[in-house]
Amino acid sequence: MRKIKNIFLAFLALVVVACGDPELPFETFEDLEKGAFARRLSLSGAFTFGQVATSSYQASVEFYSEDQGQNVASYDWTVEYTGVAGDRAAVNFLSIPASSFGTNPDTGLPMATFTLGMGDALSALGLGEADITGGDTFRFRGTVVLNDGRSFGISNTGTNVVSSQPYSGFFLLDANVVCVSDLGGTINYSNANMARGTGSGGLGASCGAAITGSFDIQDDGDGNYTFNYPNGNNDQSFGMFDSCWSDDPGTGDRGMTDVCGLVDNRGTDKYGDTYYWTNLSGAGTPAITFDWINDWGDRGTVTLTRADGNNWPAELKTSDQ
C-alpha cells in the first residue's frame, strides 16, 4: 500500500511541474516591447540643382502602434548633408505634434501630411545655394515619439517593417540633388583654327578654311545627347577630317554629356581617339564657343549657335573652368 502511495505522489509532482510556466526559448508577445511606426502612404518630389525655391518632397503617412496610433506624441525629422561643401552632421529639421495629425478616412488611423523643402534644409544646415551642386545628398531621418517618451527610428526598427511593402515604414529619405538638362534642338556650327595633330598629341600645321554646317542635338535623357548630321555621319571632328586629312568623317559615338552644366564630348571616333573640350565661352547666349582637341592632336575652335535663337544655359562650362 505504501508503495502505491509513493507512486501516486511522484505522479502528482510530475503533473504539477508539467502544468507550470514552461521555459520558452523566445519572448512571448505579451513580453515584447510594443513600438510604433509611420507607414508611408505617398511620396513625391525632387531636389533639383538651381531650383532651390521650388524643390521639395511631399509625403503622407499613417501611424501604427499597439494603441492604434493614439499614443504617438510626435513625428520628428533631422537632416544631414554630404557633398562638395563638406559633410554636415544631423540637425533638427521638423517636428509634427499629434495635435496636427489628421485621420485617414480609410483606416481611422492618425495621419500626417508634410513637406521636406530643399531651401529649409539648406537653412537648417547653415548652407547656401552656392555651396551645393548636382550629386550632393541631403539625408533625412524620421522618428516616431510616443507619449511615454520612447522613440522609434531606423536604428531600432526591424528591416521588414522598413523595407517590405505591407509596412513601408518611413524613417529615412536620401534626397540627391539632380539636374535638369534641356540642350536638344537644331544647331548651326562653325569650325575654325584647325590644325593637324602629330600623332602624340602635339600640334602640327594649321589646315583648312573654316567649316560651317548644321546638325540636330538628340536628347537621350539623363544629360546624354547624340549629334545627328544630315548625311548620317556623326563627325567627331566637326568636318576637320575631310577638310584637313581628306579622310572620311571621324564617326563614332558622337555627342555630348551635360552634368549640371559641365559639358563634354561623349565617346570616341573611328580610330578610338577621345576628344576634349576646353575654354567654353558664350554661356547664357544663343552661341557658345569652345576649343577641342583629340588624342592624336587634331584640334579646332567650334561655335555652336542655336537655330531657335534661344540662349544656352548660363551655367554651361567645360572641365577646365
Query - the stretch 267-299, residues that are closer than 19 Å to Ala192 by Cβ, touching an Asp or Glu at 6+ places or on another chain (Cβ under 9 Å) and of a type in the set (S, T, N, Q) - result: Thr278, Asn279, Asn294
Query raised in the report: Considering the stretch 277-321 alone, what residues qualify as being more than 14 Å from Gly261 (Cα to Cα) and in contact with a Lys or Arg (Cβ under 8 Å, 6 or more places away or on another chain)?
Result: Pro286, Ala287, Asp291, Trp292, Ile293, Gly297, Asp298
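Looking only at the stretch 306-321, which residues are under 31 Å from the mean Cα position of the chain (by Cα) and farther than 30 Å from Thr198 by Cα?
Arg306, Asn310, Asn311, Trp312, Pro313, Ala314, Glu315, Leu316
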Requested in this report: Could you tell me whether the stretch 278-293 includes any residue that is in contact (Cβ under 8 Å) with a residue 24 or more places away in the chain and more than 18 Å from Tyr189 (Cα to Cα)?
Outcome: no
Requested in this report: Being touching a residue at least 12 places away in the same chain (Cβ under 8 Å) and either under 30 Å from Ile132 (Cα atoms) or hydroxyl-bearing (Ser, Thr, Tyr) (or both) narrows it down to one of Gly208, Gly239, Gly255, so name that one.
Outcome: Gly255
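Quick check on the stretch 282-310: of everything there that is surrounded by 15 or more Cβ atoms within 10 Å (Cβ to Cβ) and among the polar types (S, T, N, Q), which residue is farthest from Asp264 (Cα to Cα)?
The selected residue is Thr305.
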Query raised in the report: Does the stretch 216-235 contain at least one residue that is more than 34 Å from the chain's Cα centre (by Cα) and at pLDDT 85 or above?
Result: no
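The values are calculated or read from the model by the stated rules, or taken from the named source; none is laboratory data. What you see is a predicted model, and the numbers here were worked out from it, not measured in a lab. Glycine gets a Cβ as well: all are built from the backbone with ideal geometry, and neighbour counts include every protein chain shown.
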